[in-house]
1. I want to confirm something. Restricting to the range 292-317 and keeping residues that are touching a helix residue (DSSP H, G or I) at 6+ places or on another chain (Cβ under 6 Å) and over 18 Å from Ala24 (Cα atoms), which single residue is surrounded by the most Cβ atoms within 10 Å (Cβ to Cβ)?
2. How many residues are open to solvent by less than 80 Å² (accessible area, probe 1.4 Å) and under 15 Å from Asp149 (Cα atoms) when one looks only at the range 234-250?
3. Count, please, the residues in the range 220-250 that happen to be assigned to a loop (DSSP other than H, G, I, E, B) and closer than 23 Å to Arg192 by Cβ.
4. If you take the residues of the range 177-219 that are in a helix (DSSP H, G or I) and of a type in the set (Val, Ile, Thr), which of them is farthest from Arg79 (Cα to Cα)?
5. Might you let me know whether the range 47-58 holds any residue that is open to solvent by 30 Å² or more (accessible area, probe 1.4 Å) and more than 12 Å from the ligand (Cβ to nearest atom)?
6. Residue by residue through the range 278-291, note down the ones that are of a type outside the set (Asp, Glu), away from the ligand (no atom under 16 Å from the Cβ) and loosely packed, with under 15 Cβ neighbours inside 10 Å.
7. Which numbered condition trips up Gln16, out of (1) within 10 Å of the ligand (Cβ to nearest atom); (2) touching a strand residue (DSSP E or B) at 6+ places or on another chain (Cβ under 7 Å)?
8. Considering only residues that are within 14 Å of the ligand (Cβ to nearest atom) and within 31 Å of the chain's Cα centre (by Cα), look in the range 129-144 and name the one that is surrounded by the most Cβ atoms within 10 Å (Cβ to Cβ).
Amino acid sequence: MNAPMHYDAIVVGAGQGGGPLSTALARSGRRTLLVEREHVGGTCINEGCTPTKTMVASARVAYLARRGADYGVETGPIRLNLAKVRERKRAIVESFRSGSERRIGATEGLELVFGEARFVGPRTLAVGDRTVTAELVFINIGCRPAPPDIPGLDQVGALDSTTIMELDAVPEHLMVLGGGYIGIEFAQMFRRFGSKVTVIQRGAQLLPQEDDDIAGAVLAILREDGVDVVLEAQARCAERADDTHVRVVIHESGGERAIVGTHVLAATGRIPNTDRLNPKAAGLETDARGFIRVNERLETTAAGVYALGDVKGGPAFTHISYDDYRIIRANLLEGGHRTTSDRPVPYTVFMDPQLGRVGLTERELKKQGRAYRVASQPMSHVARALELDETRGTMKILVDPETRQVLGAAILGIEGGEMMAVLQLAMMGNLPYDRIRDAVFAHPTLAESLNNVFVALD
Ligand SMILES: Cc1cc2nc3c(=O)[nH]c(=O)nc-3n(C[C@H](O)[C@H](O)[C@H](O)COP(=O)(O)OP(=O)(O)OC[C@H]3O[C@@H](n4cnc5c(N)ncnc54)[C@H](O)[C@@H]3O)c2cc1C
């Protein structure tokens, strides 16, 4: 083996935290190595947010094209060209990825190496035939789809969240295992592309972390769109029914039955990429599922080694990985004292209409024994939604009766993610809801409806 090469800092994984961190480290004058085993940009740009939301946009156009007559616009028969949808998706992914690559390439003092890194000792990694060491090591290696433990599934060519976006023809009947946000986004997308879709969900509701009324409203929308959803159903096994069909046997309260479709998508969670990192050699502790243990400053159990993004467990979102980068930058490069505690964790389920979520749910408030009041309003009472003919969904905002501040919000409605961000800002500024109720918002915007939603509280 060659003599180890020494750097000031090594970043493993060019994901949503690792990419910007590597450039910040290099710009601070540290000789930095960025190691990436596949492609710059990580899951978000290549297999996650960017491609899915690009395809969700195509699905929405198909939906609106079919609804043209509702708006007085007559269209002909709608035909979906999935190869074209994929081409558009690939082009956007490629432009985002090459933009990130260019930024990295243009940074003085930063070296990008393609290869898989594996610890061989404290702050020492092997990458191909090189051994590299550094004072500071940052792990940003993310997660990948977890194959569910269902006998026969590996024999029937099950799709995952990455491979489904590479199909060149619309499946006749897609069976989706899992009713989390990834399963839901693909289920509605492929229904709009023209597939028959069946979602098989183990739990009693879709989106298990949400309040049951919100999950119920999501279910109603999917069913209205023609997606079959089977709840409290455990997939037992899968097998080929014939050359083009797959049979999935499910167990429900009524007993066992088979669902036959042409394609299966496994959307049953993600596992960390630590299995090939050899974290023990570096003194890194992981939990039972392989996530790297960190404290609220993102320090691992090994001195000088940090973990950021999905690989540390907890909320797995791009904006969280990016904020992890900001925490490390603040603490190591700017003399700050930032931690992960008390940061908001907003997110949006990009079904249509979107579900924007921030703060606590009603279930969490009940569990904490906290007093709260609920302000709610169906989207069918929102003038802007009526004008757009997009009245599905509801707003649910939880407030503290004493301080009158917003504790949490679920906005299921057209552009629900953007509406949620308005409430997040109010939470960040500790605004009492009266200020939102009496604010002058431009008419007729969706945000303007926040004047009305609180009126019933007083
Ligand atoms: C289908 C889908 C849709 C999603 N939609 C959203 C969304 O709408 N909004 C949102 O916020 N989040 C979304 N996410 C989640 C989001 O993609 C991740 O939370 C985000 O990418 C953060 O990841 P990260 O920075 O931890 O690492 P990643 O982006 O996963 O990057 C990790 C990188 O490390 C590399 N790597 C792994 N092991 C090694 C190794 N040993 N050596 C070198 N390199 C290695 C990988 O190749 C990868 O490039 C979605 C995810 C999926 C799968």
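1. Among residues in the range 292-317 that are touching a helix residue (DSSP H, G or I) at 6+ places or on another chain (Cβ under 6 Å) and over 18 Å from Ala24 (Cα atoms), the one surrounded by the most Cβ atoms within 10 Å (Cβ to Cβ) is Ile292.
2. The number of residues fulfilling the criteria is 7.
3. 6
4. By that ranking, first place goes to Ile214.
5. Within the range 47-58, one or more residues are open to solvent by 30 Å² or more (accessible area, probe 1.4 Å) and more than 12 Å from the ligand (Cβ to nearest atom).
6. Within the range 278-291, just Ala288 meets the criteria.
7. The number of the failed condition is (2).
8. Ile139
The values are calculated or read from the model by the stated rules, or taken from the named source; none is laboratory data. Keep in mind the model is a prediction, meaning the values are calculated, not measured. Methodologically, a virtual Cβ is constructed for each residue, glycine included, from the backbone with ideal geometry; neighbour enumeration extends over all protein chains shown. We work out accessible area using only protein heavy atoms, side chains counted, and drop any ligands, DNA or RNA first. Shrake-Rupley method; radii C 1.70, N 1.55, O 1.52, S 1.80 Å.
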